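The values are calculated or read from the model by the stated rules, or taken from the named source; none is laboratory data. All of these numbers come straight from a predicted model, not from anything done at the bench. So basically every Cβ, Gly included, is an ideal-geometry build from the backbone, and we count neighbours across all protein chains shown. Each accessible area value is taken on the protein alone, full model and side chains, heavy atoms only, with ligands, DNA and RNA left out. Shrake-Rupley method; radii C 1.70, N 1.55, O 1.52, S 1.80 Å.
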Amino acid sequence: MQCNISNGIFLYIVFSILLCSMISAEEINITHVGSALWGDVNDFDIRGDYAFLAMGHGLMVLDISDPEYPTEVSRSFFGDRGPRSIDIEGGYAYVSRGIEPAYIVDISDVYAPQIIGSYQAGCPVDEIIPHGDYAFLVHGCGTVILDITDRANPDSIGGVFLVGPIGVTISGNLAFLYSFDGVMILDMTDPSSPVELSVFETDEYPRLTTVDGDYAYLTCGYDGLIILDVSDPANPVQVGQYGSSAGGFAIDGNIAYLDMGGALGLDILDISNPANPQFLAHSDITSWNMHLSNDNLILGHGDSDIDILDISIPAQPTIAGQYDLPEYWAYVHNEHIRTDGRYAYVPYGREGMVIVDVFDPALPSVMADDITHRSGDVIVKDQYAYVTDIGGDYWENGLKIFDIRDIDSPSMVGFIHDGAAHAVNLFDHYALLFGSFPNMRIIDVADPANPAVVSSLDSVAHVNASVIVDDYAYLAGSYILQQSTEHFEIIVMDLSDALDPIVVKRVNLEKEPDDIAVRGDYLYVATNNMIQVYSLSDNPADPVFVTELDTDGSDAIDIYNDFLFAATGSNGLKVLDISDPISPVIVGSADFPGAYGVAVYYETVIVSSSCGIELFHCDLPTCCQCPGDANYDGKTDVGDAVTIIDYVFRQGSLPMCPPSADANNDCSVNVADAVTLINYIFKDGSVLLCGECE
C-alpha cells in the first residue's frame, strides 16, 4: 500500500516537509551524551565511598561502598585528551591533562561532575595539587603556585623553577617537590614567596613522595624505598632503605604497603621504627598506584582492573572486590566504524572488533570484544558481520564472517585468506574485499559458511573506502608510481557482472581521499581538509566535479538524510547540510579533538578516537515524510510491520526513521506500532501519525 492518506494528513506532511526545508540550513545542536571503550586509568583518588578515575577521555566515578560489588556512577567527557592526574580536596577535583588547560571540577554531585574552572599554564601540565586556598601546578617549565580562593578563576601568585619537576607533596607548611635530581623542600608559610630550605639528591629519581610526620618516604625505582628524617627540613637525613625496586606506596598508621615494581607484588611493612622497616607479609598483586579507604586498599593497574584489598588484618590481605575495566590499550583511531542503530561495530586494531550496545546512547555497554585478531573494517548485513583481519599470524589474515545472532558471543562461520585484507563492502550476495595481492577480490557469500572467490582484479589502487550503488562501486584509492610519488584517484567500477568487474573511470585527485559516500545523484569525497562533491546525474559511471567545502579535516564521513557528518581529526565533528548538494553548508560542530571515524543513525552520532568512542545527540529536523514507513522505502505496507517486529523481538536494526515507525505516536517504537500498521493496512484502521516526541 502506498502512502495514500487523507487530505488533512497529506497537507500536514507537505507542511512538515516545507518546514524542514526552511529550517535545514539553521544551526544543528550537538550534545555529548555517552562514552564507551574507556580503558587506561592514568590516575585515581579516593574520597569517602567513591573512587575518581582519571581516564583517557575524562573522569569516571565508582561507588566502592560495597567493596565486593563496586559500581560505576558516572562518566564525564573531557575530550580526546583526558586527565593525566587527579587530586581531590574538599568537594573539588584538580585535574591535569598533559595538555592545556588544567581543570578544577566540582564533584559535589558524583552523578554529574562539572568543570568550573581552568588554568592555562603555558606548558603541558603534569599535576595540580590543592592545599587550602592554594594549589601547586607542576609542568615542564617549573612549578606555578595558584590562588584558588575563586575556583572559577584560579590565578598565579608565584612560581618555583626546578628542572624537570615530576610532582609535589604538601605537608603542613612544607612542600616537597620531586624531580629527576631528587627532592626540594620549600617553606610555604607565605605561598606567594616560597623559601627553599634544602635539596636531597637521589641516584634514581623519586616516582612518589609520601610524608608522614617527621619522615618522608621516596619510592626511587631500582633504589627501592628511601626514608628521610625531615624533622629539620633544612637538613633532611636518610635513615632507612628497603628493597631494590619500588613503585606505589601507602601508609596506614604503623603499616606501609609498597609495590615492589614490575611483577614482584606487594610487600606489607611494619614501619613503627621508620629507620628499620620490617617485612610483615606479601601479596602477589602489584600496583603502580594505591589509596586507602577505611579497611581497604584500592589498587590501580593502569590499563586493566581496579582491585580492592581487605587489609583489616594487615598481615593477611585478601581481595574483597574488583572492578573490571576493558583492556583496550590499542587505539581505535579507525574510520570504519558502523552502526545499525542498536549496536556499534568498532574495528579496534590489535584488540579485534568490539560490539557496543548503543540503544541508550547515554549508557552504552560492551556486548562482545576480541572478535578476530586485528580488525580493520567491518560490514554488517542480515545478522552476519564481515570483518577484515589485518594482523597476527599471516595465515589468519583475510575476511572473516561471523554469525552475530547471539550478539554476546559471535561465532566465526566463514573465512577467506588474504595476506593484507583492510577494507570490505557488500553488494547483492557478494563481498568486495580489498587487500594487497590481488588488490581486489569478489567473494560469493550467499552461503556465509562457505564463501568462495569468484573473481579478482590487480589494477585497482590501495582502497581506503568504498561505496556501492546499484551496479557501480566508487573507490577512494591511492598508489605509488614508479617515481615513488603517490597518485590519488576515485575509481569507478562496473559490477554488473560479478565474474568480470571492469574499471570504467578514474578521476584524478590532488590529495589522498580518506572516505567516500553517495546521497541521491551526488558523490561526496573526503580528501585532505575538503569535502568534494561530484554529480552522477548525467552518467553514474562518470562523476563530474561540482564543488568543494573546507572542513579543516576529513578523516571520515557518513550521511543521514540531508546531512553529512565529517570526522575531521583534531578539529572535531562537523555537520553539513547537503539538501542543496551544489552549495553544502556547515550547520553544526562538536569540539572533539581526535575525531577519526563517524557513524550516524537518526539522531545518534558515534565518533571514534584514540581512546574510545563518544556518542553525541544531534537535533535533526524530522525525517518522517510517510507515517508508518518503518523500513524507510517511501511506502507504508506490511513490510513496515515486519521491520518493527524484527526490531522488537529479534534484535533487528533500529528503524531508519523512528518517528515514521512510531505509527501510534506514543513516543516509542514497540509492538503496538506494528498492530496499528496491521489495522491500517488490512482493517482500514485509524489514521497513521508521525512520532513527535522529544
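Structure data summary
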item: Meets criteria (open to solvent by less than 60 Å² (accessible area, probe 1.4 Å), farther than 30 Å from residue 53 by Cβ and not in a strand (DSSP E or B)) for residue 206; result: no
item: Lone unmet requirement of (1) open to solvent by less than 20 Å² (accessible area, probe 1.4 Å); (2) without any contact (Cβ under 8 Å) to a residue 40 or more places away in the chain for residue 298; result: (2)
item: Count of residues meeting criterion [closer than 30 Å to residue 417 by Cα and either in contact with a Cys (Cβ under 6 Å, 6 or more places away or on another chain) or small (Gly, Ala, Ser) (or both)] in segment 355-373; result: 1
item: Search result, residues across segment 131-163 that are among the β-branched types (Val, Ile, Thr), surrounded by fewer than 20 Cβ atoms within 10 Å (Cβ to Cβ) and either free of Cβ contacts under 8 Å to residues at least 12 places away in the same chain or touching a Pro at 6+ places or on another chain (Cβ under 7 Å) (or both); result: 157, 160
item: Looking only at segment 40-49, and only at residues there that are surrounded by fewer than 20 Cβ atoms within 10 Å (Cβ to Cβ) and not charged (D, E, K, R), the one that is nearest to residue 78 (Cα to Cα); result: 46
item: Within segment 53-117, strands (runs of 3 or more DSSP E) holding 3 or more residues that are in contact (Cβ under 8 Å) with a residue 12 or more places away in the chain and within 16 Å of the chain's Cα centre (by Cα); result: 58-63, 71-77
item: Looking only at segment 255-276, and only at residues there that are touching a residue at least 24 places away in the same chain (Cβ under 8 Å) and charged (D, E, K, R), the one that is nearest to residue 286 (Cα to Cα); result: 259
item: Filter result (open to solvent by 10 Å² or more (accessible area, probe 1.4 Å), part of a loop (DSSP other than H, G, I, E, B) and touching a Leu at 6+ places or on another chain (Cβ under 8 Å)) within segment 551-599; result: 561, 584
item: Scan of segment 264-295 for residues that are open to solvent by less than 70 Å² (accessible area, probe 1.4 Å) and either basic (Lys, Arg) or in a loop (DSSP other than H, G, I, E, B) (or both), ordered by number; result: 265, 271, 274, 275, 277, 285, 286, 287
item: Residue in segment 425-435 that is open to solvent by 40 Å² or more (accessible area, probe 1.4 Å) and aliphatic (A, V, I, L, M) present; result: no
item: Segment 230-254 - residue that is crowded, with 18+ Cβ neighbours inside 10 Å and either more than 36 Å from the chain's Cα centre (by Cα) or without any contact (Cβ under 8 Å) to a residue 24 or more places away in the chain (or both) and, of those, farthest from residue 185 (Cα to Cα); result: 243
item: Selection status of residue 242, of a type in the set (Phe, Trp, Tyr) and touching a Phe, Trp or Tyr at 6+ places or on another chain (Cβ under 8 Å); result: no
item: Answer residue from segment 501-517, given it is touching a Phe, Trp or Tyr at 6+ places or on another chain (Cβ under 7 Å), in contact (Cβ under 8 Å) with a residue 40 or more places away in the chain and in a strand (DSSP E or B) and is farthest from residue 486 (Cα to Cα) among those; result: 517
item: Residue check for residue 631: at pLDDT 70 or above, assigned to a loop (DSSP other than H, G, I, E, B) and closer than 28 Å to residue 406 by Cβ; result: yes
item: Positions within segment 22-35 being modelled with pLDDT of 80 or more and out of contact with any Lys or Arg (no Cβ under 8 Å at 6 or more places or on another chain), in sequence order; result: 27, 28, 29, 30, 31, 32, 33
